[in-house]
Each structure stands twice: as C-alpha cells, then as structure tokens.
1. Evaluate the following for Tyr243: is it surrounded by fewer than 17 Cβ atoms within 10 Å (Cβ to Cβ), over 28 Å from Glu332 (Cβ atoms), of a type in the set (Phe, Trp, Tyr) and touching a residue at least 40 places away in the same chain (Cβ under 8 Å)?
2. Does at least one position in the range 112-135 carry a residue that is at pLDDT below 75 and touching a strand residue (DSSP E or B) at 6+ places or on another chain (Cβ under 9 Å)?
3. Whether any residue in the range 145-162 is modelled with pLDDT under 75, in the same structural domain as Thr57 (by TED's automatic domain parsing) and within 21 Å of Glu225 (Cα to Cα) is what I want to check.
4. Going by the structure shown, is Ala69 of a type in the set (A, V, I, L, M, F, W, C), modelled with pLDDT under 70 and in a helix (DSSP H, G or I)?
5. Where the second residue is of a type in the set (Phe, Trp, Tyr) and the first is in contact (Cβ under 8 Å) with a residue 40 or more places away in the chain and lies in the range 316-331, which pairs have Cβ atoms under 7 Å and are six or more apart or on separate chains?
6. With (1) under 25 Å from the mean Cα position of the chain (by Cα); (2) assigned to a strand (DSSP E or B) as the list, and Gly270 as the residue in question, which single condition is left unmet?
7. If you go through the range 128-142 one residue at a time, how many are surrounded by fewer than 18 Cβ atoms within 10 Å (Cβ to Cβ) and either touching a Phe, Trp or Tyr at 6+ places or on another chain (Cβ under 9 Å) or hydroxyl-bearing (Ser, Thr, Tyr) (or both)?
8. Of the residues Arg263, Arg214, which is within 30 Å of Phe354 (Cβ to Cβ) and surrounded by 15 or more Cβ atoms within 10 Å (Cβ to Cβ)?
Amino acid sequence: MIEEAPSIVNSWIQDWSLLSESWRVGLVVFALVAGTALVAYIASFIVGVAERRFQKTSNLWDDALLHAARKPVVGFVWLQGVYWAAEVAHRYSESELFSVNDTLLQLGFVWLLVWTLLRLIKQGEEILASPLKMKKPMDYTTVNAVSKLSRAVVIITAILIAMQSLGYSISGVLAFGGVGGIAVGFAAKDLLANFFGGFIIHLDRPFKVGDWVRSPDRNIEGVVEHIGWRLTTVRTFDKRPLYVPNAAFTTIAVENPSRMLNRRISETIGIRYADVSGMAEIVADIRSMLENHEDIDQDQTLIVNFLAFNASSLDIMVYTFTKTIEWVRFHEVKQDVLLRISEIIENHGAEVAFPTRTLHLPGGVRVAADENRKAAGESDESGASDHAEESGRAPASGSTYSSETRGDSEEATGD
C-alpha cells in the first residue's frame, strides 16, 4: 500500500482538472508535509504513552529501548513523508535536486539506525553504572570503555554502508585504508600511542574514575575525573585540572592509594636517658594501649619496641595500622594514639626527650678558673679599702683604682 501511494497521488493530479498542474502539485506536496507532521506528532505521543507505562514495570531495558527510539521514530516519519513529497515534485520538475531522492532515503535510514543505536548505547551505559537502577552496578570506567568501543564500531560500520550506498567499493576503500593507515601511523604516532595507552588503561584498569592516583616518577597526584582515548584528566589537590597523555601511563609507575587496605602509623618516640629504668613498662603499656584501641586493625602488624640508643634519647619504635583509609579520619586516629602515648610516658614520671648537649670539663681546669676569680676579687677589695682609709671616704660601688693613681693622690696630699 505504501509503495502504491505515489502512483495514486500522480493519477489524482493528472485526472483532477479544476486547478492547474502546478497548483495541484503544490497542494499535494503541502498535504503530504502537513500529514507527515500530524503522523509524527501521533507517533511521538504513542511512544511517550508507552514509555510512561513501561516505566512502572521492573524491566529497565524496555524503558531504555523506547526512550532511545522515540526521536528516531519521529525522524523516520519525517524522512518518509518528505521523500514522498520529493518524489511527487520530482515527477513534475526537471530540477536535478530531486534525482538523488533514493540515495538520500537510504542514507537517511542508515543515519536513523545509527542514531537509535547510539542512544540505546547511552541508555545502557547509564543503567549499568547507576547504583539506583542496578543492585550491583558495574565499574563506570569499564562501562564507559565498552560504550566508546561500541560507538566506534557502529559509526565505522555506518560509514562503510553509506559509502557502499554512494557507489564506492568497500574492498577498494579498505585496501586504500590499509596503505594510507601506514602513512597516517607514521605521521600521527604520538596520537596513536595515546590511543593505545587509553586502551591499555581500560584493559588493565590500574585506576578508574574517582580514584586517587600518584606517580613517584612524575609530578602527578590527584583524583581521576575522566579517562579519554587521548587524555586522562586528573584533578589535583589544589583543585587544578591536570591533563596527562595516556601514553605516559605506559612508561611510569602509578600508585593508587584509593585501593589501600589500611593506613600506617610509623613513629619513633624518644625518652630521656634518665628514664631508662622505666623503659620496659612504658613499652608494655603502649603496646597494650594499641592492642585495645578500637581504631587499630589487630589483624595487621603491630610493633612496639625499644629501638636504639640515640644521641640524646632512647628511641621507641611504634608501628601499626588503622582500620580507616580516609585521610581526615586517619589523622584523627593518629592524633589520639600520639596523645595516649604521651600520657603513658607522663604517668611513668618520664619525659619525651629533645636534643640536648652536656659539656664535661676536667676538674683541674675548673679549680684554676675559680682561684683566678677569687684572687681578682680579693685584690679589688684591698685596693678599694686602702684608698678609703687614705682619703677618709668610702670607695664608690663598683669602682677600681690602680697603684699609680693612689701614689698621685698621696703626693698631692703632702704638698
């Protein structure tokens, strides 16, 4: 019936002689376009009603299919309607524009199919990675990689079909692509290196979107925001975006602290040499405190021991792991542990050591220095008293006089 529609319209145009042929063609074209708009609206309404009804069911894929097909269905109606109108105009027009109607129709069908598949892939990506729609959502990085690969396959296939529809030989295109691919590969080796680097990231999955990554080889540290085919976006801790070519991740070491099981507390605490007698009890109490701490993982290594005689302290090694891996919570636990250790040390009458230096002098040196100071003091006192007796006045506090000055005073008195 659909294939006979253009012939029926043509017979009506030829038999109806009330208006001129150009007017009849114009009215038919207008009617076809108006009818297409009406049918497109009805199709959109029907699909929308069905979509709302299917949303009430537990099946998510029928919702995804209807949502993906809603706009392409409207596009199909418009494509078919405009094609019929163009076919009618082509029969009564000598314009070369209408000679490509069939080719455009084929390309339009390919485009609508690709549009539907791309929308369906997007809907599937949202469903598989959503914790609200799936009980066990898949990893977003994996879903995103499969989605990108599926889009690439759909687009490449559509391009080949479109070229076949335009009259090009696919075998020739593939042969040309094989030879040209070598030249392109040499010219764009960095781009291809980044592409395959992104493929390796999606394949090995050393990190995913949302992970905290750090490289000891490069100045790279932050949270992964996006993994593309050429670049990976890392948001540093000062909130700046860092764009890293994917090829870099094939040559550098990458740490993923987000996947750690515990966080480590490793501290060396020193007490004074004067507190050596209480060392054993202090170490035992610190170990007992850690074994009973609610935030310390008892399944991991726990070490508290007298470590070494240091330059100005007796060192105690404290080595343990917290249950939490959150950065802020870890520092809260570490603060609590250190405060409890300082309290234990204080309860035993000991003190935390700090860098000190003791200077030992030989006994003879110290005695000689004391005698020199005493002799200087006695000499000053006797000189001051003699001058006071001769002058009849008490010497001023802190004043010293030499023998030459005292002689001058005597001579002046005799004169």
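1. Numbers: surrounded by fewer than 17 Cβ atoms within 10 Å (Cβ to Cβ): yes; over 28 Å from Glu332 (Cβ atoms): yes; of a type in the set (Phe, Trp, Tyr): yes; touching a residue at least 40 places away in the same chain (Cβ under 8 Å): no.
For Tyr243, the condition - surrounded by fewer than 17 Cβ atoms within 10 Å (Cβ to Cβ), over 28 Å from Glu332 (Cβ atoms), of a type in the set (Phe, Trp, Tyr) and touching a residue at least 40 places away in the same chain (Cβ under 8 Å) - is not met.
2. Scanning the range 112-135, I find no residue that is at pLDDT below 75 and touching a strand residue (DSSP E or B) at 6+ places or on another chain (Cβ under 9 Å), so the answer is no.
3. Going residue by residue through the range 145-162, those that are modelled with pLDDT under 75 are 145.
Now narrow it down to the ones that are in the same structural domain as Thr57 (by TED's automatic domain parsing): 145.
Retained after the next criterion (residues that are within 21 Å of Glu225 (Cα to Cα)): 145.
The answer is yes, given that some residue of the range 145-162 is modelled with pLDDT under 75, in the same structural domain as Thr57 (by TED's automatic domain parsing) and within 21 Å of Glu225 (Cα to Cα).
4. Numbers: of a type in the set (A, V, I, L, M, F, W, C): yes; modelled with pLDDT under 70: no; in a helix (DSSP H, G or I): yes.
No.
5. Ile316/Phe306; Thr322/Phe330; Thr324/Phe330
6. (1)
7. Step one: filter the range 128-142 for residues surrounded by fewer than 18 Cβ atoms within 10 Å (Cβ to Cβ), giving 130-140, 142.
Next, only the ones that are either touching a Phe, Trp or Tyr at 6+ places or on another chain (Cβ under 9 Å) or hydroxyl-bearing (Ser, Thr, Tyr) (or both) stay: 130, 140, 142.
Looking only at that region, the number is 3.
8. Arg263
The values are calculated or read from the model by the stated rules, or taken from the named source; none is laboratory data. Computed from a predicted structure; not experimentally measured. Ideal geometry is used to build each Cβ from the backbone, glycine not excepted, and the neighbour counts take in all protein chains shown.
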